[in-house]
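Structure record follows, encoded as structure tokens.
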Amino acid sequence: MAEPAGKRLKSSLPLCTAHRSSATSRARHNLQAAVEEALCGVSSLLWDGAYRLQALASVFEQDDVALPRVASFFHQEALKQEEEAEAMLGYLAERGGNYCGKDIQKPGCEGVCAVLPALELLLLQLKEEVGVLIELSQLARNQGDPHTASVMKSHFLRPRVDRLKLLGDLLTSARRVGCTNDQTGGFGEYILNELQEELTR
């Protein structure tokens with residue numbers, strides 16, 4: 001028995017609930033409504049991530065923490081995230097879709113006050129984005145849009161694999177030098193800030 005036309009399959013894709021479809025332009029560019037809506041939602045997810053990374057960078061710029069290389073690392077990650085969000089919007093516009101935008105909420109990382117939980121938060125964010133991008137790629141393929149599936153893999157998924165490896169190395173180093181989940185690991189954080197090569201990439 002077939003699914004009812006209006007019913008959505010269970011998905012972890014951040015779909016845009018207030019999406020304004022562009023049916024005429026979309027038809028001209030062969031962009032399915034479900035793919036357009038998912039691209040809009042994923043774009044918002046990437047913007048949220050960039051905002052969270054900027055907030056984390058500002059934590060390590062404060063006078064009582066002052067880890068400039070760690071702050072710089074999170075700023076660089078935020079810039080990469082912003083570039084990817086812009087690229088996603090560019091692709092959506094190129095295919096004739098609309099971006100609805102949404103209000104960006106507070107990033108919810110105010111309690112982070114040490115390097116280890118900040119890196120763990122970034123790891124969770126990247127893993128979530130990888131899962132969402134894989135699901136978006138699969139949705140596009142199922143909707144008969146192999147071009148979007150290919151773009152998601154080549155332009156958005158592959159760069160995250162390198163970022164995940166780098167982040168894994170940083171987390172291992174942070175644990176080895178004695179960083180903890182609270183501010184008691186100050187010397188470990190100082191060593192990480194001064195000596196970790198990955199923070200300057």
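Values in this text are rule-based calculations from the coordinates and carry no lab data. Keep in mind it's a predicted model, so treat the numbers as computed, not measured. Neighbour counts run over all protein chains shown; Cβ positions are idealised from the backbone, glycine included.
Given the stretch 33-199, what count of lysine pairs have C-alpha atoms under 22 Å apart, with each pair 8 or more places apart or on different chains?
Total qualifying Lys-Lys pairs in the stretch 33-199 comes to 9.
Using 0.36 nm times the number of residues separating Glu86 and Glu110, minus their current alpha carbon distance, what extension gain do you get?
6.1 nm
Any chance you could run the full-extension gain for Leu124 through Asn181? It's 0.36 nm times the residue separation minus the Cα-Cα distance, nm to one decimal.
Extra length from Leu124 to Asn181 when fully extended: 19.0 nm.
Pop a pseudo-label 7 angstrom from the Cα along the beta-carbon direction at both Asn30 and Ser12 and give the gap in nm to one decimal.
3.1
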